[in-house]
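*Asks:* Below are the structure tokens for one structure; questions will follow.
The values are calculated or read from the model by the stated rules, or taken from the named source; none is laboratory data. Fair warning: this is a prediction, and the values are worked out from it, not measured in the lab. Here the Cβ is made from the backbone with ideal geometry for all residues, glycine too, and neighbour counts use every protein chain on show.
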Amino acid sequence: MTEYYVPAGPGESEYVEKRSRFLGHIRPVANEEEARAFIAAMKKEYYDARHNCWCYLLKDGPERYSDDGEPQGTAGIPMLEVFRREGVSNLVCVVTRYFGGVLLGAGGLFRAYTKSAKDALDAAGLAVVRRWVVLEFGCSYAALERMKLELSAYGGAVDRLDYGSDVQLRVLLPEEKSVAFSDRIFDLSGGATRPRAAGESFQAVPLH
């Protein structure tokens, strides 16, 4: 089963060290063009900053980084290593530094850029990209929260809820767990409900 992790959305961070201000920004991207466009936009927005260091990495694609005037190896590579370590791809990160008048040294810069990138990623959250089996079934309003708990226990996620006389759920399950989940719902409903297979989907689903 092929699966990989991407940012669940945009993420931002702010960190101050000895009056230097570090602003981290992460965005999910699909290609180099999107990554470079975001870097250009950040450089334009923070044109008055001393440094706009950046990196991006794409699944099955290139990895690029820039120290943007900081001592070599103190900014771009530490940022990139954060994402390699977390196993996340298809993202661009720009960390902007407003110099506070106090030199931080190589170690201080390394820690500051690492922390800014990690904090921005934490703010963005992670999503897993994989093939999901789509199931549909109904339940009472009273049973909805129980269904959500069961779904979470099987590694699934709600794709859509439709409210009427009861609740119609469209859910996503890992392929290897869809049958077991369907059997579980059948048992919980006393044989009254069997989730219906409604195809497959290859998409990103946020982790909770």
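*Asks:* Checking Pro78 against (1) assigned to a loop (DSSP other than H, G, I, E, B); (2) in contact with a helix residue (DSSP H, G or I) (Cβ under 8 Å, 6 or more places away or on another chain): exactly one of these is not met. Which one?
*Replies:* So Pro78 meets the others, but not (1).
*Asks:* If I filter segment 97-124 down to residues being surrounded by fewer than 23 Cβ atoms within 10 Å (Cβ to Cβ) and among the hydroxyl-bearing types (Ser, Thr, Tyr), which single residue comes out as farthest from Ala49 (Cα to Cα)?
*Replies:* Per the stated criteria, the residue is Thr114.
*Asks:* Then there is this: Among what's in segment 133-147 and is out of contact with any Pro (no Cβ under 7 Å at 6 or more places or on another chain) and surrounded by 14 or more Cβ atoms within 10 Å (Cβ to Cβ), pick the residue that is nearest to Gly87 (Cα to Cα).
*Replies:* Restricting to residues being out of contact with any Pro (no Cβ under 7 Å at 6 or more places or on another chain) and surrounded by 14 or more Cβ atoms within 10 Å (Cβ to Cβ), the top hit is Val133.
*Asks:* Specify the residue that is modelled with the highest pLDDT; the eligible residues are those in segment 1-37 that are under 23 Å from Val133 (Cα atoms) and of a type in the set (Val, Ile, Thr).
*Replies:* Val6
*Asks:* Would you check if Gly87 is exposed (fewer than 15 other Cβ atoms within 10 Å of the Cβ), without any contact (Cβ under 8 Å) to a residue 12 or more places away in the chain and closer than 30 Å to Glu14 by Cβ?
*Replies:* Considered against the rule, which asks whether it is exposed (fewer than 15 other Cβ atoms within 10 Å of the Cβ), without any contact (Cβ under 8 Å) to a residue 12 or more places away in the chain and closer than 30 Å to Glu14 by Cβ, Gly87 comes out as no.
*Asks:* Collect the residues in segment 119-151 that are aliphatic (A, V, I, L, M), under 20 Å from Leu91 (Cα atoms) and assigned to a strand (DSSP E or B), keeping them in residue-number order.
*Replies:* Leu126, Ala127, Val128, Val129
*Asks:* Residues that are of a type in the set (Gly, Ala, Ser), within 19 Å of Gly100 (Cα to Cα) and touching a Cys at 6+ places or on another chain (Cβ under 6 Å): does segment 32-50 have at least one?
*Replies:* Looking for residues that are of a type in the set (Gly, Ala, Ser), within 19 Å of Gly100 (Cα to Cα) and touching a Cys at 6+ places or on another chain (Cβ under 6 Å), one finds none in segment 32-50, hence no.
*Asks:* Mind telling me which of the residues Phe83, Phe22 ends up being among the aromatic types (Phe, Trp, Tyr), under 19 Å from Tyr113 (Cβ atoms) and part of a helix (DSSP H, G or I)?
*Replies:* Going through Phe83, Phe22 in turn, just one is among the aromatic types (Phe, Trp, Tyr), under 19 Å from Tyr113 (Cβ atoms) and part of a helix (DSSP H, G or I): Phe83.
So that you can scan it fast, the table gives a plain yes or no per residue for (1) assigned to a strand (DSSP E or B); (2) within 26 Å of the chain's Cα centre (by Cα); (3) at pLDDT below 95:
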residue	(1), (2), (3)
Gly108	no, no, yes
Ala117	no, yes, no
Arg160	yes, yes, yes
Val171	yes, yes, no
Phe181	no, yes, no
Ala204	yes, yes, yes
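*Asks:* Let me ask another. From the list Val16, Val82, pick out the single residue that is more than 16 Å from Ala204 (Cβ to Cβ) and surrounded by 14 or more Cβ atoms within 10 Å (Cβ to Cβ).
*Replies:* It is Val82.
*Asks:* Next question. Filter segment 56-75 down to the residues that are assigned to a strand (DSSP E or B) and surrounded by 15 or more Cβ atoms within 10 Å (Cβ to Cβ), then identify the one that is farthest from the chain's Cα centre (by Cα).
*Replies:* Restricting to residues being assigned to a strand (DSSP E or B) and surrounded by 15 or more Cβ atoms within 10 Å (Cβ to Cβ), the top hit is Ser66.
*Asks:* Every residue in segment 30-55 that is in contact (Cβ under 8 Å) with a residue 60 or more places away in the chain and either part of a loop (DSSP other than H, G, I, E, B) or among the β-branched types (Val, Ile, Thr) (or both), please.
*Replies:* Matches in segment 30-55: Ala30 only.
*Asks:* Among the residues of segment 177-208, which ones are in contact (Cβ under 8 Å) with a residue 60 or more places away in the chain and out of contact with any Gly (no Cβ under 9 Å at 6 or more places or on another chain)?
*Replies:* Pro195, Arg196, Ala197, Ala198, Gly199, Glu200, Ser201, Phe202, Gln203, Ala204 - these are the residues of segment 177-208 that are in contact (Cβ under 8 Å) with a residue 60 or more places away in the chain and out of contact with any Gly (no Cβ under 9 Å at 6 or more places or on another chain).
*Asks:* Provide a single number: the residues in segment 81-95 that are touching a Ser or Thr at 6+ places or on another chain (Cβ under 9 Å) and β-branched (Val, Ile, Thr).
*Replies:* The total comes to 2.
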